[in-house]
Structures are given as C-alpha cells and as structure tokens.
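Engineer: If you scroll down you'll find the structure; I have some questions about it.
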Amino acid sequence: MSWRTGAREATPLLGGYIPVAISFGMVAVQAGFSVWQTILISTLIYAGASQFLFVAMVAAGAPWGLVVVMTLLINARHVVYGPSLAPWLPKSRWWPFLSHGLTDQIFALALSRLPQLPTEQRLGWYSGAMLLAWFSWVAGTAAGAIAGEELSRHWPLLGEVMPFALPALFLVLLAPRFTSRSWSIALSCTIGMAMVLTLYGFTNASIPLAAASGALFFYLTKVHARAGGRLDG
Amino acid sequence: MDNGFWIALLFVSVGTLCMRLLPLLWMQRHLLKQKSKGGLAAIPDWLTVLGPLMIAAMLGVSLVPATPSLFTWLATILGAFSALMAWLWTKSLGWPVLAGVSTYGVVIVLARITIGG
C-alpha cells in the first residue's frame, strides 16, 4: 500500500511539526483566540509561519485587510511547489483537497521521493504523507491550545530537541544533490544566505531570497564554466 | 472576536489553497498539452533549479537555533554531522533523522548539566 509508505516516510516530519504546533496552540490561546478558533486556523490555513503572523497581527489590533495581505505574502513561496512536482503527480479530481497539504516539508520530501516511485504509487504516497503531516499539525495545535502549558512543564526538553528533526531531514534530502560544482556552490550559498538572513531576523523573507540568490550563483557558475571552456578550448 | 476574524480566515485559507493548487493544475495542463503535440513534456529549466534551492533555503533557516548560544550551535553542528554520517552509512531517511535528533539532544542535555553543575 503506497499510502502507508508515504505515511511512514513522513514520520520524521512529526518531530518538527508537533512541538511547533503545540507552541502555536499555546500562543494563539494566550493571544485571545478560543480553542476552536485556534484549531480551525491550523486546519484551514495550515502554514506555520503565516499562522504565527496571523495571530500576532490580530492580537496587536492590525486592520483585517493588512492581516490577510501580509499572511498571503508569506505564503507566496508556495506557488513554485506545485509546478515543480507536476511532472511526477498524476491528474486527479482530489487535487483541490490534496494540494492543501503541500507545505514546505511535504514539498521537500515529495521532490526527493516521487521521482523514485512507480507512477501508479505516487498519488497514494503523496496522500499518505500529506494526511499524516496535516493531522499531526492539527492534533499538535489542539494539544497546545488545551494543555500546552502543562505539556511544556512536564517535558521542557522535548520541545527544544525534537524540532531538530526538520534540519536533519532537509540535510538528508539535499545530500544526494551535491553532484557537481555548480550545484555544490549554489546549494552552499543558499544555505549560508538563509542562515544569515534568519540570524538578522528576516526569517520570513529568507526562503525566497536565499533560493533566488542560489539560482543566480548556479547560473553564474554555469556561464563561468562555459566561458572558461571556450577560452581553454 | 468580530466577524472580521472569520472573513480574514476565509480569505487567507482560500488564498493559500489557490497558491498551492492553481500553479499545479496549470503546469499539469501545460505538460499534457506539450505531450499531445508530440513534444517532450518537461517543466521549465529554472523550476528544476529552484526546487532543490528552496529545500536548501529551508535547511538554512531551520539550522539556526531558536536561542543561539555556544552550546546550541555546537549541538547543531554535531547533530548535522551525525545525520550526514548516518545517511552515508544507511542511505535511508529515518535513521539519519533519529541519529541527528539524538546527538542534538545529548549535547543539549550535557550542556544543561555542565551549566547547572
């Protein structure tokens, strides 16, 4: 059953999802949202960084129009995920529902795994991975909204240690891509740029900005290699 | 909370879903059209470059500790190193993540004990 494989391979994501979802649940309730509103935000928006911004802006009394625009702006990076995966995702009438689960992490996992799977297993794999991640996010939010303070009192270290599952997973997904000089330079520059931007507090802008600068480096090294080849030849 | 909350939630939810769904459907249709014309169904070159770079950017963001200190950076470096070693050894997804998280956790606990002691 391909959906089981998808769910199994998405399990490492839970280490990153659940602690963050618990803290989102706590933050939202402390900001004045009810438990049900908090759970609905996670169920319907399902995008970590933008949910935190949504709650923070509402709590600060920002105009609703500005809340919508800023939240959507943060999620704008999602527009490249679907087209990048399109060659490996078969047509299905379920996409209006399934694409709801196309988060950063599911994209990263799917981009690495889908090309290795037979065509008939891809939709099942994606569904299993996406549903597990979505349910864990909603369940984590509910746990945080209902009993967040108690959970962080009982297991203070767990919330600090488990999120390391995300960088570990991204590292494993990226490692096989260091295949050439151009890719190694572009990937290293992107990682470095994203770290610097995050350290300077530009966390939300760092993913598209770092990826764009990495792409620039990729094409520059290609051009440089071609020019070098011409000069040498 | 007033009606504004529900309207904003609706707009953000539908907007986010559209950003995930519409480009996917558009590209799937574009690839089918290319195929039916007898051409090679392929996504634009820049998209094949941008995909892995988005993952690299996510890695960069997630590598920065929530509370940067000497110990959290040390835990990050050692955790990443052990995840990489486990990947080289097993070439799987789950074991490297487990190795990375365990190493990270051990360094954090040891740091707590050292500071506490």
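The values are calculated or read from the model by the stated rules, or taken from the named source; none is laboratory data. These numbers come from a predicted model, not from an experiment. A quick note on method: Cβ atoms are made from the backbone with ideal geometry, for glycine too, and the neighbour counts reach across all protein chains shown. Note: areas computed on protein heavy atoms with side chains; ligands, DNA, RNA excluded. Shrake-Rupley method; radii C 1.70, N 1.55, O 1.52, S 1.80 Å.
Engineer: Tell me which residues, restricted to the stretch A:60-74, are open to solvent by less than 70 Å² (accessible area, probe 1.4 Å) and either touching a residue at least 24 places away in the same chain (Cβ under 8 Å) or outside any helix (DSSP H, G or I) (or both).
Structural biologist: The answer is A:G61, A:A62, A:T71, A:I74.
Engineer: Mind counting the residues in the stretch A:106-121 that are open to solvent by less than 30 Å² (accessible area, probe 1.4 Å) and either polar (S, T, N, Q) or part of a helix (DSSP H, G or I) (or both)?
Structural biologist: Total satisfying the criteria: 8.
Engineer: Are any residues in the stretch A:1-59 at the interface with chain B (Cβ under 8 Å from one of its Cβ atoms), open to solvent by 30 Å² or more (accessible area, probe 1.4 Å), over 30 Å from A:E120 (Cα atoms) and assigned to a helix (DSSP H, G or I), and if so, which ones?
Structural biologist: Selection gives A:L40 alone.
Engineer: Could you count how many residues in the stretch A:161-197 are at pLDDT below 95 and open to solvent by 60 Å² or more (accessible area, probe 1.4 Å)?
Structural biologist: 6
Engineer: Here's a check for you: in the stretch A:198-208, which residue that is more than 8 Å from chain B (Cβ to nearest Cβ) and part of a helix (DSSP H, G or I) is modelled with the highest pLDDT?
Structural biologist: Among residues in the stretch A:198-208 that are more than 8 Å from chain B (Cβ to nearest Cβ) and part of a helix (DSSP H, G or I), the one modelled with the highest pLDDT is A:A205.
Engineer: Then there's this: Conditions first: (1) out of contact with any helix residue (DSSP H, G or I) (no Cβ under 9 Å at 6 or more places or on another chain); (2) farther than 21 Å from A:L174 by Cβ. B:A66 passes all but one, so which condition is the exception?
Structural biologist: For B:A66, the failing item is (1).
Engineer: If you go through the stretch B:56-71 one residue at a time, how many are under 18 Å from B:V109 (Cβ atoms) and either of a type outside the set (S, T, Y) or in a helix (DSSP H, G or I) (or both)?
Structural biologist: Number of matching residues: 4.
Engineer: Further question on the same structure: Read through the list (1) open to solvent by 40 Å² or more (accessible area, probe 1.4 Å); (2) within 7 Å of another protein chain (Cβ to nearest Cβ); (3) in contact with a Ser or Thr (Cβ under 8 Å, 6 or more places away or on another chain); (4) not aliphatic (A, V, I, L, M), then give the number of the only condition that B:F11 fails.
Structural biologist: Answer for B:F11: the failing condition is (3).
Engineer: Right, here's the next one. Could you check, for the stretch B:85-96, whether at least one of its residues is at pLDDT below 95 and either in the same structural domain as B:L24 (by TED's automatic domain parsing) or open to solvent by less than 10 Å² (accessible area, probe 1.4 Å) (or both)?
Structural biologist: Yes, the stretch B:85-96 has at least one match.
Engineer: Condition test on A:V80, is it assigned by TED's automatic domain parsing to the domain that holds A:W134 and surrounded by fewer than 17 Cβ atoms within 10 Å (Cβ to Cβ)?
Structural biologist: Judged against the criteria, A:V80 is not a match.
Engineer: A further question follows. Looking only at residues in the stretch B:65-80 that are touching a residue at least 12 places away in the same chain (Cβ under 8 Å) and either closer than 30 Å to A:Y81 by Cα or among the hydroxyl-bearing types (S, T, Y) (or both), which one is surrounded by the fewest Cβ atoms within 10 Å (Cβ to Cβ)?
Structural biologist: Going through the qualifying residues, I end up with B:T72.
Okay, residues lined up against (1) open to solvent by 10 Å² or more (accessible area, probe 1.4 Å); (2) more than 30 Å from B:F5 (Cβ to Cβ); (3) facing chain B (nearest Cβ under 10 Å):
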site: A:A76; (1), (2), (3): yes, no, yes
site: A:W134; (1), (2), (3): yes, no, no
site: A:A139; (1), (2), (3): yes, no, no
site: A:G144; (1), (2), (3): no, no, no
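Engineer: Restricting the search to the stretch A:122-132, which residues are crowded, with 21+ Cβ neighbours inside 10 Å and under 20 Å from A:I39 (Cα atoms)?
Structural biologist: A:M130, A:L132
Engineer: Residues of the stretch B:50-71 being within 9 Å of chain A (Cβ to nearest Cβ), among the hydroxyl-bearing types (S, T, Y) and over 16 Å from the mean Cα position of the chain (by Cα), which ones?
Structural biologist: Within the stretch B:50-71, just B:T67 meets the criteria.
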